[in-house]
Amino acid sequence: MAVNEPAIRDLAIIGDRRTVAMLAADGSIVWYCPGRFDSPSLFASLLDAQEGGTWKIELPAGSARGRAYLEDSGVLESRFDIEGQALTVTDWMPMGDGCPRGICRLFSPAPRAVAMTLKPAPDYGRAAVALSLDGQTVCIQGRHWLYASGRLEIGHGAIRLELPAGEPGWLVLADAPMPTPGHAQLRYWLEQTLAEWRGIASEIKYYGPFEKQVAQSIRALRLMTYAPNGGIIAAATTSLPEVEGGQRNYDYRYVWLRDAAMIVGALVRAGSRGVDERRFLAFICGARSDDAGEPLLPPFLSLDLRRPPDESQLSLKGYAHSRPVRIGNGASRQWQLDGFGNVLLAAHLIYTHHETREHWETVRLIADYVADHWREPDYGIWEESVQRQFTTGKVIASCGLRYIADCAEDGSQAKKWRAAADEIDDYVTRHCINSEGAYRAFVGSEAVDVSAVLYPVWGYIDAKSAPMVATLRVLERDYARDDLYWRHLEQPGPEREGAFLAATFWVAQYWIMRDDLTRARRILEAALAYGNDLGLFAEEADPASGKMLGNFPQTFVHAAFIGAALDYRNAADASSRADHRRSPDDPA
C-alpha cells in the first residue's frame, strides 16, 4: 500500500446532507467533493496519495487517542496526544440559517505548534491548481475560499498554515466568499449545526438490542441522504476496490432504486415519522420516463434525477494500486427487475405505515411495468455483465405486485397484478429449483445466491420450507466462512472478492425467522466486527486480513443491519413474552 494511504477501516466522514468530507485517523482530509456527493473532487489522496490532493495535519510526536460524533450529529471530535498533552479537533460541515457551505475545523490549544498543508487537486487532479492570496484569505480556483485564525502562505501549488502553541485555532473552507469570521462565529455555526442535527435525529428513536450500532447506522444513512430532494446514495466514494489490486472498482455516488428502497424500508420499520421515506417516493416520481423506447426507470440515478454519465477513467494511481479509477457508471443502462420490485415493497410500507397514497400514479405505472415485463431476462441484483433469468428478481417482483395490490382501490388493477404474481410463482417453481432442491441463482444454473435468504423475509415462502432449507445447506457449504457469507458472481474477474456484509446480515434475518436467535446473534456479531470505531461499514470484508473492502460508507450494508436488528429485537421480545406467559408447571 502506498505511503500515507489510510486503511478504509480508519476513515470517518462529516457531511451536510449534500456532500461529505472523509478524514483519516490522523485528521487529514483525504476525500472531498465540494457541493454535491458526485461532484469532481478537490481532495482525493484516498485514491492517489501523491497526486490526488489532501488537507494534511502535521502532528509532531502526536498520536490519535479516539474520536466520536457529538450527540447524534455528523460533527466529529477527534482527540490526539502530543507529548502527554491533549489536542482536540472538531470537524463539521455547517448546516442551518446563516451558515456557509463548506468545512469548518476548530482546534483546542495545542502544547506545540501544529502545521497544516492544503494541497488542492481540482477535478480529480485533472485541472491545474490556481491559488491567490488576498490579505488573509486564499482563493482556490475562483470557487473556494480558505479563512484561518493564523497566517496563510501559498507556494508550489499548496497552502500552509501554522497554529501557534497554546492558542486555539480554526480554519474554514467555504464555497462562497464572506467576511472573515472569528472564533466566536465558528462556535455559533457549530451550535447551529448541532441544532439542525437534533431536529433530524428526532425523526427516529430506536431502543433495544444493538442500540448504539443501530443509531450509528441511522446516522450513516442520514449523512448519505441528499437533502434537497431526498435521494440516498449508495456510498460516498468511487473506486475503492472490492479486491485490492483488482479491477472491481466502481463509482457508487448515485441513487440505486434497489438500495434506496431497502433503506427506506429499514427506516419505516425503525419507526421513522416518514419525512425522508416520503421524499424518496417524490424522488422516484421525478425520475420517471415517459419515453416508450426507454425503461420506466433506470436502475439508478444521479442526484439531479438524470441518468448518470457513462464510465470514464482517471489517471489517479488508485487505492492500493487498484485500477482503473472510474467516474460515472455504465450499469445505468441495465434492466434490473429487482429494483422495481423493491420500490413496490417500499411504497407498500410507506402507504400502510403512514396512511398515505401520494405519488400513486407513478407507483401504479411501476406495478404495471413489472406485470408486463417480468418475463424479460435482466442483469440481476449484482449487475452482472450478461442477462439471465435471475431468480431473485422474479421473487421480489412477485412479492412487490402482491403487496401493492393490497393498496389498489381499482379492483381490475389488483386483479392484474395478482395474476402476474401467480404466473411468476409458477415460473419460479418450474424453472428455479436446482438438482439439490435449492433456489437457483438464475435459470439453468446449479449455483445458489445468498440473496435467496430474503425470500422468507419478503413473505414469499416459509423459512422452514424444503427449498429454503436446501438453499441454506448449499450456502453454508459453498459460500460461508467464519459466519460471513459471499454472494455468487458469474464474472468476478480473476480475483475472489470479500465477504458481502449486507448479505451476511440477511442470513442473520433468515435464522431469526427460523427462531434460532443464538445463531442469528453470532452472525450479527461476526459482521459487526467489520464496522469501524464510528460504526461505519464498507461493502465487503476480508476475513484473512481483517480489512474493509469496497466503497464507503455503504448504505446498503447499514440498511441490512438495521433490518436484522429490528427483527432480532422483535423476536427476542416475543420470546420473552412467551416465557413470561408460561406457567411454572409448563415444561421449559
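A few remarks follow.
- Its Cα gyration tensor gives the stretch 359-490 an equivalent ellipsoid; the semi-axes, largest first and in whole Å, are 28, 15, 13.
- Listed candidates (i) 150, 67, 50; (ii) 155, 79, 57; (iii) 74, 67, 48 - label of the one calculated as Cα extents along the principal axes in Å: (iii)
- Remark: the chain carries a charge dipole of roughly 540 debye about the Cα centre, counting +1 on each Lys and Arg Cβ and -1 on each Asp and Glu Cβ.
- Square roots of 5 times each gyration tensor eigenvalue, C-alpha, the stretch 327-395, largest first, Å: 25, 14, 11
- Temperature 20 °C, viscosity 1.002 mPa s: under these conditions the Stokes-Einstein estimate for the stretch 27-81, based on its Kirkwood radius over C-alpha pairs, is 166 µm² per second.
- In this Cβ point-charge picture (+1 for Lys and Arg, -1 for Asp and Glu), the stretch 186-226 has a dipole of about 80 debye about its Cα centre.
- Electrostatic bookkeeping for Ser445 treats Lys and Arg as +1 and Asp and Glu as -1; over the other residues with beta carbon under 14 Å from its beta carbon, the sum is -2.
- Accessible heavy-atom area order of Asp134, Asp478, Asp276, highest first, probe of 1.4 Å: Asp134, Asp478, Asp276
- Options Ala421, Thr88, Leu267, ranked by Cα towards positive dipole end of the chain, top entry (Cβ charges): Thr88
- Local charge for Ser332 was computed over the other residues whose Cβ lies under 11 Å away, with Lys and Arg +1 and Asp and Glu -1, and equals -1.
- Net charge, Ala408 excluded, C-beta distance under 14 Å - Lys, Arg +1, Asp, Glu -1: +1
- If the convex hull is drawn through the Cα atoms of the stretch 353-427, its volume per residue in Å³: 99
- Measuring only protein heavy atoms, the 1.4 Å probe finds Val457 accessible over about 50 Å².
- Principal-axis tilt of helix 337-354 within the chain, Cα atoms, nearest 10 degrees: 90
- With all protein chains modelled, accessible area of Tyr250 [1.4 Å, Å²]: 60
- Radius of gyration, Dmax [the stretch 102-149; alpha carbons; angstrom]: 13.0, 39
- Between Pro100, Ala110, Trp335, the Cα set farthest toward the positive side of the dipole of the chain (charges on each charged residue's Cβ, about the Cα centre) is that of Ala110.
- For the stretch 523-569, the extents of the C-alpha atoms along the principal axes are 31, 19, 16 Å, listed from largest to smallest.
- Nearest-0.05 FRET efficiency for Tyr207 and Asp482, computed from C-beta distance (R0 25 Å): 0.25
- Spatial separation of Cα centroids for the stretch 41-62 and the stretch 333-361, in angstrom: 42
- Solvent accessible area, Å² - Phe37, 1.4 Å probe, full protein context: 0
- Note that the stretch 195-256, at 37 °C in a medium of 0.692 mPa s, gets a Stokes-Einstein diffusion coefficient of 239 µm²/s from its Kirkwood radius over C-alpha pairs.
- Binned Cα-Cα distances of the stretch 241-301, short to long, each 5 Å bin given as a whole percent: 4, 15, 19, 18, 15, 13, 10, 6, 1
The values are calculated or read from the model by the stated rules, or taken from the named source; none is laboratory data. Everything numeric in this text was worked out from a predicted model, so none of it was measured. Positions of Cβ are generated from backbone atoms using ideal geometry, with glycine treated the same way; all protein chains shown enter the neighbour counts. Quick note on the areas: whole protein, heavy atoms, side chains included, nothing else; ligands and nucleic acids left out. Shrake-Rupley method; radii C 1.70, N 1.55, O 1.52, S 1.80 Å.
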